[in-house]
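**Student:** One structure is given below, represented as structure tokens, and several questions about it will come after.
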Amino acid sequence: MSALKIKKGSSKHSAYNLRPNFSDVQETHTIAVLVENEPGVLARVIGLFSGRGYNIESLTVAEVDHEGRLSRITIVTTGTPQVIEQIKAQLGRIVPVHDVHDLTVEGASVERELALIKVSGQGDKRVEALRLADIFRAHVVDSTLESFVFQITGTPDKIDAFADLMRPLGLEEIARTGVAALARGI
């Protein structure tokens, strides 16, 4: 008989699992980070993710205040609620970071992405690709006798749906910008 027994009614969870009821559900969050526009800042932010094994699904970076030398990094990532909270807290501790906002939980936001999609084909497939592009409000930005390049903007789901429909018609290549997002309202 073992010297260690679990009392009736006591928890069978590991002592290392301090929050046994915490959700293990993976959630996707869009996080906006305002940073100093200086060398190495993006590498430090990315290093935070890679060093802890967090995945980045989408990443966009651009200077938003030339005079103030500020850039905005928009990151779409997936994790448990606990992991998302860790990411936000760790981002906030990086010195050149001014502000961290989780647009997913802070209220309504607008998310858009731009994609260029090259589709090759002839005959009926070409006609069908143009018909679907019209439905999705995609624009032809380049055309040859063998292919089209469509430009489409919208939510990532819209772009995914358009690409899925173009695959059987001759999808050749996709270039995506990543998500740009802003909170709605004031």
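The values are calculated or read from the model by the stated rules, or taken from the named source; none is laboratory data. All figures in this text were calculated on a predicted structure; none of them were measured in a lab. Positions of Cβ are backbone-derived with ideal geometry, glycine not excepted, and every protein chain shown enters the neighbour counts.
**Student:** ASP134 passes all but one of (1) within 30 Å of LEU48 (Cβ to Cβ); (2) acidic (Asp, Glu); (3) over 22 Å from the mean Cα position of the chain (by Cα); which number fails?
**Tutor:** Status for ASP134: all satisfied but (1).
**Student:** From VAL141, VAL127, VAL105, grab the single residue that is aliphatic (A, V, I, L, M), in a strand (DSSP E or B) and surrounded by fewer than 16 Cβ atoms within 10 Å (Cβ to Cβ).
**Tutor:** Selected residue: VAL141, the only one of VAL141, VAL127, VAL105 that is aliphatic (A, V, I, L, M), in a strand (DSSP E or B) and surrounded by fewer than 16 Cβ atoms within 10 Å (Cβ to Cβ).
**Student:** Go through region 111-155 and give me each residue that's closer than 30 Å to ARG69 by Cβ and either of a type in the set (D, E, K, R) or at pLDDT below 95 (or both).
**Tutor:** GLU111, ARG112, GLU113
**Student:** Still on this structure, please answer the following. Filter region 159-186 for residues that are β-branched (Val, Ile, Thr) and either assigned to a helix (DSSP H, G or I) or touching a helix residue (DSSP H, G or I) at 6+ places or on another chain (Cβ under 8 Å) (or both) and give the result.
**Tutor:** ILE159, ILE174, VAL179
**Student:** Here is a list: ALA181, ALA175, ALA161, ALA133. Which entry is out of contact with any Asp or Glu (no Cβ under 9 Å at 6 or more places or on another chain), under 30 Å from THR104 (Cα atoms) and crowded, with 18+ Cβ neighbours inside 10 Å?
**Tutor:** Result: ALA133 is the single residue among ALA181, ALA175, ALA161, ALA133 that is out of contact with any Asp or Glu (no Cβ under 9 Å at 6 or more places or on another chain), under 30 Å from THR104 (Cα atoms) and crowded, with 18+ Cβ neighbours inside 10 Å.
**Student:** Turning to a different aspect of this structure: Among the residues of region 73-92, is there at least one that is of a type in the set (Ser, Thr, Tyr), out of contact with any Phe, Trp or Tyr (no Cβ under 9 Å at 6 or more places or on another chain) and in contact (Cβ under 8 Å) with a residue 60 or more places away in the chain?
**Tutor:** Yes, region 73-92 has at least one match.
**Student:** If we scan region 146-158, do we find a residue that is outside any strand (DSSP E or B), under 30 Å from THR74 (Cα atoms) and in contact (Cβ under 8 Å) with a residue 60 or more places away in the chain?
**Tutor:** yes
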